[in-house]
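Here's the structure we're looking at; comments come further down.
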Amino acid sequence: MASPSLMDTLFQRGLDDIIKGVRHQQSSTECIFISRVIEEIRREIKSTDLQTKSTALQKLTYLNSIHFIDMSWASFHAIECISSPTFSHKKIGYLAISQSFSESTPVILLISNQLRKDLKSGNEFEVSLALDCLSRIGTVDLCRDLASEVFILMSSSKVFIRKKAIGVVLKLFEKYPDAVRVCFKKLVESLEGSDSPIVSAVVGVFCELSAKDPRSYLPLAPEFYRILVDSKNNWVLIKVLKIFVKLAPLEPRLAKRLVEPICDHMRKTGAKSLVFECIRTVVTSFTEYESAMKLAAAKIREFLMEDDPNLKYLGLHAISIMAPKHLWAVLENKDVVIQSLSDEDPNIKLESLRLVMAMASESNLMETCRVLVNYALKSDPDFCNEILGSILSTCCQNVYEVIIDFDWYVSLLGEMSRIPNCKKGEEIENQLIDIGMRVKDVRPELVRIARDLLIDPALLGNPFLHRLLSAAAWVCGEYVEFSRNPVELMEALLQPRTSLLPSSIRTVYMQSAFKILIFCIHSYFLQKEDMTSEVSDLSSKRECSESSDLATGKALVQSDQDEGFNPRESNQSYEYPSVVDTGDGQSSTPTFMEKKSLMHESIVNLLNLMELVLSPLSGSLDVEIQERACNVLGFMELVQQEFSNPLIRKEANLDREEVIVSRVVEWVHDGFTEELGPVSVTAQDRVPIPDELVLKENLTDLEAICGGVELPAPGSFSLTSPYYGESAVFSVSNLQAEEDSEPSTESTSLLTEHRKRHELYYLPSEKNKIPANDYPPANDPSSSINTNDATEDLVKLADQSLVSKRKPNHAKPRPVVVKLEEGEAAPVVSKKPELKDDLLSGAIHDILLGNEVKAASSQGNPSDKSSSKRKGKAKHVDLLDSKENLAVGEQPNHENPSSRRSKHRGDGKQKSKKSKGKKNGDGREDDGEKESQKIRDHHGRHKSRQRADAPINVVPQTPDIPDYLL
Amino acid sequence: MGIRFILMVNKQGQTRLAQYYEWLTLEERRALEGEIVRKCLARNDQQCSFVEHRNYKIVYRRYASLFFLVGVDNDENELAILEFIHLLVETMDRHFGNVCELDIMFHLEKAHFMLEEMVMNGCIVETSKSNILSPIQLMDKTS
């Protein structure tokens, strides 16, 4: 390619020309224009003239930043530009580099020397350019190579440079942790003074550092405290508060000292940002200080009263932080919270919804839900689903802890399903099935609700609700004995519009229909046995009930006709098993069995209906549907022999065949009526491994997979409807397996196979039926609401004043809710925050602080149920104890020069407290110092450990580490 | 990292300035800016200036035809960021004299330098207008 001509250089278009050019283009021609410019740039950038080159680079940088044009190909040209002696070229080059270079840019190492040169330059602006660039693109190698230069600049006489050098330190520490040893002392020194621009930079750096590993910065607390008290700069104060939020949980004595100055700021300052930071600090870290909380609440109230949506949002947000422990704050602002539900801003609405749900308790739940569901009807689809979602999640917390009247709740679920915008089919599905299994007393109502859902033709059209319908179908099949009219259910399950359902759900429908059929035939046989004794009684009974049956029958036929499907003559509705509505349908005893009289003809009709619907499906392309249809049809063939033409049959034959059929039916029926219990997600683990079972390698792998899978939150039991299998227990466990090992479909199928083979080792469902009272409810730490008893009491108290008219209706005792021992699941979940902590700084703590870690981190866990009052004390003691232990263990090793330094200013304060806290105060001062010294040591080591690929050139315990606290 | 990125976007949703404090590829940037612009520009004056997005927050403020959007970590002080945006605008005002979209377009480099003075590694390091502007003015004089 020809080198750029002189003409190119002379008539090069500048950046301004390009910007104007792009502005004048239509959006359609813009692309063409830009690509032409890029071509131009490609030519110009190869020029030997640095002016031309840098202008080309400048244009490219602009296009990259605004029009997303790739500029990685020009990285070498950018390096050429920064090596220019002219400042303006350098400037363009550095901008291009900081914008386009990443760790993977191949030529990035080439800039190392140039950067070093510029860092040493006498021109402060060149230095500043290089520092800025390093802070943006610093890689491990660059940071290692340039750490010493940056260190020198940290003591530059020019504030402008010093400030930037401090800014770079953060990058240095992140990429090259060993730099800590060189720079840390300088950094701490820079904290001197309280209002210089340097301090604001340093505090920013410490704020970021302490977010990653707060414990290491605990010894600096006195410095930060001084800044908190002295500084007048709001930016700095906010950052210092952020640091203290991180430090406070680690050292209980800090809070006592901090509360006063923070409250002081809150009272005096006019800056809303500082007030808010104080509020946030108090509500997250100083929840035990009543007066501070009161003050924070008052300030929040001020925020809420303002017209500014920003303050309102932040106020609500702050309250929601308080809510779990201090519900009074929510109740005090109830008016604003409720009002905000109809705010214009979806974010504010969401916050207030969270708060409304936080206020929900046993006594006001019904009212709250009623209001919210009505409100959801009027809301936009997104918010509607937010409302529904939060109702569902609140109600199912801790195994439906807040719900007393399950009949009400089940009907609420039904109501929610009918909200047109509802997309929560899956959640409702889970809860319908879960409640069905757990709460025996609610089953009649549940079946009624499920029936209503099934016969509602509108729901079938909404794909979001299909899962919900599958739950309804399963409930109807499983608890058919509570149904008043099984035939009606059967028709609903077999209605032609079920073709709208996905095949997996259709199979549930078919299976449920099969269950209902078995139930009907079974009760027919039972009845027949009785009939021999009371034949005469029957006919009159039927006459009576006919009239009541007529209504439902007709309605049903009507709906069938609407859909253009009516398999029977309308007069057949007289043949329906008549069910007398006794008015007390909820009286739990199987209404159907006792009250109805199931006729031979109605069974025949059922069989005909099923055959009519299922026959075409036996040729379905979907294997599941096909198989199910064939199974049912095959069974029906067997049964039909008996029912087909009773007139022709001979008495002798009848007896024999009927015996066979009735026995078959009984077997299947027994299989179906076996109670399904909820299965704990940890059930699999509790099954002892039998001796003769040889675990092959692939199976041990599976175990690892299953063990590592994160458990779903307790309460959300893995109960999906049993799509597969004739044995119900088996199928639930099957699904369990699916959920457990979701990440790997391969393992699922293997697991299923394994389970099929070893079905024997399943927990029988009866084992799980543990009365609720014997076990505490599963602890659900993810729930921030109503977890501790204290809160509940508060709610009750507050409710008496707020919603006194609504007394909890205890007319009906709360039914037994089957719960499982969640002993294994609970600790796993509560451990989560701890784990995160471990990742960040676990290593250093293990060595350094031994048992203290455990105490502190478990106490740091906000959802810890242990009483918050005890917390402070226990931690205090632990801390001191562990220090003592350390002192005993470590004293001999610590005869290094650094322990002979003059005392740190802050130590005085700590010292006096320590001696107060414990009797044997002697030797404690030393401990304190060693402690902090060790923290420094280990900090350095820990950091270097974070970076696995870094060259390890540090001897682990280097005695020559400068003492940063001097 | 406190601040993750700073964007200036006009009413039509065109990016006028983009400064990132973490490395994103061009595609990621394009997607991110598209999502954010769609989310924020649809909001009106009566709504609050904070939007949760992915795992962080966006604090934004509108000045005439220009939106200033700052992506921050969740524990960052929203009001302080609003003040930061205002400080940025005031600084630009002082330099350009009633800053407008065109000023930023044609002096993108300068805008970047101002940001570099104010923010390093996502931390706000300088909040004094004269401190921010003095090196830029000096550079202007020398060149």
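If B:G13 meets every condition in (1) more than 11 Å from chain A (Cβ to nearest Cβ); (2) touching a Lys or Arg at 6+ places or on another chain (Cβ under 7 Å); (3) closer than 18 Å to A:I69 by Cα apart from one, which number is that one?
With (1) more than 11 Å from chain A (Cβ to nearest Cβ); (2) touching a Lys or Arg at 6+ places or on another chain (Cβ under 7 Å); (3) closer than 18 Å to A:I69 by Cα applied to B:G13, the lone miss is (2).
In this structure, is A:L331 in contact (Cβ under 8 Å) with a residue 24 or more places away in the chain, hydrophobic (A, V, I, L, M, F, W, C), more than 23 Å from B:Q47 (Cα to Cα) and out of contact with any strand residue (DSSP E or B) (no Cβ under 9 Å at 6 or more places or on another chain)?
Considered against the rule, which asks whether it is in contact (Cβ under 8 Å) with a residue 24 or more places away in the chain, hydrophobic (A, V, I, L, M, F, W, C), more than 23 Å from B:Q47 (Cα to Cα) and out of contact with any strand residue (DSSP E or B) (no Cβ under 9 Å at 6 or more places or on another chain), A:L331 comes out as yes.
Of the residues that sit in the range A:93-124 and are polar (S, T, N, Q) and under 24 Å from A:T55 (Cβ atoms), which one is farthest from the other protein chains (Cβ to nearest Cβ)?
Residue satisfying both the conditions and the ranking: A:Q114.
Which condition breaks for A:V127 when tested against (1) modelled with pLDDT of 90 or more; (2) at the interface with another protein chain (Cβ under 9 Å from one of its Cβ atoms)?
(2)
Does A:K117 satisfy being charged (D, E, K, R) and surrounded by 23 or more Cβ atoms within 10 Å (Cβ to Cβ)?
For A:K117, the condition - charged (D, E, K, R) and surrounded by 23 or more Cβ atoms within 10 Å (Cβ to Cβ) - is not met.
Has the range A:220-232 got at least one residue that is within 14 Å of another protein chain (Cβ to nearest Cβ) and either out of contact with any Ser or Thr (no Cβ under 9 Å at 6 or more places or on another chain) or not acidic (D, E) (or both)?
yes
What residue, among those in the range A:259-279 that are closer than 11 Å to A:A292 by Cα and under 33 Å from the mean Cα position of the chain (by Cα), is farthest from the other protein chains (Cβ to nearest Cβ)?
A:V259
Scan the range A:280-317 residue by residue and report those that are touching a helix residue (DSSP H, G or I) at 6+ places or on another chain (Cβ under 6 Å) and away from chain B (no Cβ under 11 Å).
Across the range A:280-317, the qualifying residues are A:V282, A:V283, A:S285, A:F286, A:Y289, A:A292, A:L295, A:A296, A:A297, A:K299, A:I300, A:L304.
Restricting the search to the range A:442-457, which residues are modelled with pLDDT of 90 or more and not aliphatic (A, V, I, L, M)?
A:R443, A:P444, A:E445, A:R448, A:R451, A:D452
Out of A:K53, A:K59, A:K90, which single residue is within 12 Å of chain B (Cβ to nearest Cβ), part of a helix (DSSP H, G or I), farther than 25 Å from A:S155 by Cβ and out of contact with any strand residue (DSSP E or B) (no Cβ under 8 Å at 6 or more places or on another chain)?
A:K59
State whether one or more residues within the range B:19-41 are assigned to a strand (DSSP E or B) and under 30 Å from B:D140 (Cβ atoms).
Yes - at least one qualifying residue is present in the range B:19-41.
A:I243 - would you say it is more than 10 Å from chain B (Cβ to nearest Cβ), in contact with a Cys (Cβ under 6 Å, 6 or more places away or on another chain) and on the phi < 0 side of the Ramachandran plot?
Criteria met by A:I243.
Residue check: is A:I41 at pLDDT 90 or above, within 14 Å of another protein chain (Cβ to nearest Cβ) and within 25 Å of B:R30 (Cβ to Cβ)?
Answer is no for this residue.
Can you find, within the range A:130-169, the residue that is modelled with the lowest pLDDT among those that are β-branched (V, I, T) and under 22 Å from A:V188 (Cα atoms)?
Within the range A:130-169, the match that is modelled with the lowest pLDDT is A:V159.
Hey, could you check the range A:170-218 for residues that are farther than 19 Å from A:C143 by Cα and of a type in the set (K, R) and say which is farthest from the chain's Cα centre (by Cα)?
Among them, the one singled out is A:R215.
Can you name the strands (runs of 3 or more DSSP E) wholly within the range B:44-99 that have at least 1 residues being surrounded by fewer than 21 Cβ atoms within 10 Å (Cβ to Cβ) and charged (D, E, K, R)?
B:50-53, B:56-63
Let's see how each residue does on (1) within 14 Å of the chain's Cα centre (by Cα); (2) touching a residue at least 40 places away in the same chain (Cβ under 8 Å); (3) on the phi < 0 side of the Ramachandran plot; (4) more than 10 Å from chain A (Cβ to nearest Cβ):
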| residue | (1), (2), (3), (4) |
| --- | --- |
| B:R62 | yes, no, yes, yes |
| B:F68 | yes, yes, yes, yes |
| B:G71 | yes, yes, yes, yes |
| B:L82 | yes, no, yes, no |
| B:L87 | yes, yes, yes, no |
| B:R94 | no, no, yes, yes |
| B:H112 | yes, yes, yes, no |
| B:E116 | yes, no, yes, no |
| B:M139 | no, no, yes, no |
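Under the condition of being polar (S, T, N, Q) and in a helix (DSSP H, G or I), which residue from the range A:93-114 is surrounded by the fewest Cβ atoms within 10 Å (Cβ to Cβ)?
So the residue we want is A:N113.
Output yes when any residue across the range A:449-466 is under 22 Å from A:S615 (Cβ atoms) and in contact (Cβ under 8 Å) with a residue 40 or more places away in the chain, and no when none is.
Within the range A:449-466, one or more residues are under 22 Å from A:S615 (Cβ atoms) and in contact (Cβ under 8 Å) with a residue 40 or more places away in the chain.
For the range A:248-258, what are the residues that are within 29 Å of the chain's Cα centre (by Cα) and closer than 19 Å to A:A296 by Cβ?
Those that are within 29 Å of the chain's Cα centre (by Cα) and closer than 19 Å to A:A296 by Cβ: A:A248, A:P249.
In the range A:177-218, which residues are away from chain B (no Cβ under 14 Å) and of a type in the set (S, T, Y)?
Selection gives A:S194, A:S216, A:Y217.
Tell me, which residue of the range A:33-51 that is over 20 Å from A:S100 (Cα atoms) and either under 46 Å from the mean Cα position of the chain (by Cα) or polar (S, T, N, Q) (or both) is surrounded by the fewest Cβ atoms within 10 Å (Cβ to Cβ)?
Going through the qualifying residues, I end up with A:T48.
Restrict the check to the range B:114-128 and report whether at least one residue is part of a strand (DSSP E or B) and not β-branched (V, I, T).
Yes, because at least one residue in the range B:114-128 is part of a strand (DSSP E or B) and not β-branched (V, I, T).
I need the full set of residues from the range A:427-486 which are among the aromatic types (F, W, Y), assigned to a helix (DSSP H, G or I) and more than 27 Å from the chain's Cα centre (by Cα), in order please.
If the condition is that a residue be among the aromatic types (F, W, Y), assigned to a helix (DSSP H, G or I) and more than 27 Å from the chain's Cα centre (by Cα), then A:W474, A:F482 are the ones that fit.
The values are calculated or read from the model by the stated rules, or taken from the named source; none is laboratory data. If you're wondering where the values come from, they're calculated on a predicted model, not measured in any experiment. Neighbour counts are summed over all protein chains in view; Cβ atoms, including those assigned to glycine, are modelled from backbone coordinates with ideal geometry.
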